[in-house]
Amino acid sequence: MEETPVILVTAGYDHTIRMWDALKSTCTRSIQYTETQVNRMALSSDKHYLAVAGNPRVSLYDVFGTSEAPVLSLEGHKANVTAVEFTHDHKFLATSSEDKTIMWWDVYAGSCKRILHNGSIVNDIAIHPDGRQELIISCDQNGAVRVWSWRRQEVLCQVIPESDVAVRSVAVSPNGQLIVAGNNLGQVFAYRLIIESSPQTGRTVELEPYLKFDAHDGNRITRVVFSANGRLLATCSSDRTAKLWEFTEGPVMSANGSREEIIQAGAALVHTLNYHHRWVWDAAFSSDSGYLVTVSTDTRAALWDVNSGEVIRQFKGHQKGVVCVALNDSTM
């Protein structure tokens, strides 16, 4: 085995998980996942485990194994599992579901340690990168974005970006300071995550509005993903495109015309990625933020050069729509 192999995995409606040689665009391993479609996947940071979210369980596979059987099956959800994510130390796993819960799992014990009851279908989750904060961010079908303490099993703060509009995806910037959510109307909402502590009040957590912009002209956003360096945001959509955005900040004129220190945030469109013929469901950046993989209901995956916005590899082999991708090319 190579010291630092590139692990690229795709899956979707054809009940097949495919692992790829990213340089040759060839499939190196297939796993039949016959129970249900695959909704989401995640790779552990050490590249050892692949977590696969189905309905209603999560299965863990040995990435370098030869068996099609999972090494662990996490039972507990009662409906479709919508998202799955490892902690950076790959000891724990968070999952969300249409059963209106978020679960926190001990990977080595194979057991659920916490259950968070959301009250609405949970569409996506993101674990805060600073493990000491013990935070999970969620978004749901009722339009709420919530920050949870998974240990205390309680909501610390929440916002509703747009009343009665489902929030489809949520992401946390690598530095943990920015939360981004995308909804069914093609809108992106960004919030500053403010965490303060004092002996008198303890820890307080707030979501401060930072930026709102229309990313996909009223078409549903299916996924929002930060690049590893935090400079870019990828949005995927039902409009058959993915887009790359860069957040900007600059001084603006005050209402009376004087140039005061008023800093306004913005989002600059870097590239519109046109290749897919149907909905784009998921995306994953390379560890150096130089490449992006997208997947679509058109059965294809595409590898993009972020600088040029051009497709440099195509991955074909799925017989039905591809809805999720996982990529780990980091060096340990």
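The values are calculated or read from the model by the stated rules, or taken from the named source; none is laboratory data. Model, not experiment: these values are computed from the prediction. FYI the Cβ positions are ideal-geometry reconstructions off the backbone, even for glycines, and counts take in every protein chain you see. Note: accessible area is taken over every heavy atom of the protein model, side chains too, but ligands, DNA and RNA are not part of it. Shrake-Rupley method; radii C 1.70, N 1.55, O 1.52, S 1.80 Å.
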Has the range 238-253 got at least one residue that is at pLDDT 95 or above, surrounded by 15 or more Cβ atoms within 10 Å (Cβ to Cβ) and of a type in the set (Lys, Arg)? yes
With respect to the numbered conditions (1) farther than 26 Å from Lys91 by Cβ; (2) open to solvent by 50 Å² or more (accessible area, probe 1.4 Å); (3) modelled with pLDDT of 95 or more, which one is the sole condition not fulfilled by Gln37? (3)
Spot the failing condition for Asn229; the list is (1) touching a residue at least 24 places away in the same chain (Cβ under 8 Å); (2) out of contact with any Cys (no Cβ under 8 Å at 6 or more places or on another chain); (3) part of a strand (DSSP E or B); (4) over 23 Å from Thr82 (Cα atoms), and only one is missed. (3)
In contact (Cβ under 8 Å) with a residue 24 or more places away in the chain, over 25 Å from Val322 (Cα atoms) and among the charged types (D, E, K, R) - does that describe any residue in the range 257-270? no
If we scan the range 179-194, do we find a residue that is over 19 Å from the mean Cα position of the chain (by Cα), surrounded by fewer than 17 Cβ atoms within 10 Å (Cβ to Cβ) and either assigned to a strand (DSSP E or B) or not acidic (Asp, Glu) (or both)? yes
Looking at the range 84-101, which of the residues that are more than 21 Å from Tyr61 (Cα to Cα) and not basic (Lys, Arg) is most open to solvent (accessible area, probe 1.4 Å)? Glu98
Among Lys47, Lys78, the single one that is modelled with pLDDT under 95 and not in a strand (DSSP E or B) is Lys47
Taking only the range 50-66 into account, find how many residues are among the polar types (S, T, N, Q) and modelled with pLDDT of 95 or more. 2
Applying the selection to the range 1-32, what residues are at pLDDT 95 or above and not β-branched (Val, Ile, Thr)? Leu8, Ala11, Tyr13, Asp14, His15, Arg18, Met19, Trp20, Cys27, Arg29, Ser30, Gln32
Ala228 vs (1) open to solvent by 50 Å² or more (accessible area, probe 1.4 Å); (2) of a type in the set (A, V, I, L, M, F, W, C); (3) touching a Lys or Arg at 6+ places or on another chain (Cβ under 6 Å): all pass except (3)
Restricting the first residue to the range 201-215 and requiring it to be more than 16 Å from Val172 (Cα to Cα), which pairs with a second residue that is open to solvent by 90 Å² or more (accessible area, probe 1.4 Å) and among the acidic types (Asp, Glu) meet a Cβ separation below 8 Å and a spacing of at least six or different chains? Arg203/Glu196; Thr204/Glu196
The number of residues in the range 14-34 that are β-branched (Val, Ile, Thr) and open to solvent by 60 Å² or more (accessible area, probe 1.4 Å) is 3
Mind checking whether some residue in the range 104-127 is part of a loop (DSSP other than H, G, I, E, B), buried (at least 20 other Cβ atoms within 10 Å of the Cβ) and free of Cβ contacts under 8 Å to residues at least 40 places away in the same chain? yes
Answer with yes or no whether Tyr61 is out of contact with any Cys (no Cβ under 9 Å at 6 or more places or on another chain) and surrounded by fewer than 22 Cβ atoms within 10 Å (Cβ to Cβ). no
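The rows are residues; the columns are (1) among the small types (Gly, Ala, Ser); (2) more than 15 Å from Val122 (Cβ to Cβ); (3) open to solvent by 20 Å² or more (accessible area, probe 1.4 Å); (4) over 14 Å from the mean Cα position of the chain (by Cα).
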{"residue": "Trp150", "(1), (2), (3), (4)": "no, no, yes, yes"}
{"residue": "Val159", "(1), (2), (3), (4)": "no, yes, yes, yes"}
{"residue": "Asp164", "(1), (2), (3), (4)": "no, yes, yes, yes"}
{"residue": "Ser169", "(1), (2), (3), (4)": "yes, no, no, no"}
{"residue": "Asn175", "(1), (2), (3), (4)": "no, yes, yes, yes"}
If we keep only residues of the range 273-296 that are without any contact (Cβ under 8 Å) to a residue 60 or more places away in the chain and outside any strand (DSSP E or B), then the residue most open to solvent (accessible area, probe 1.4 Å) is Arg278
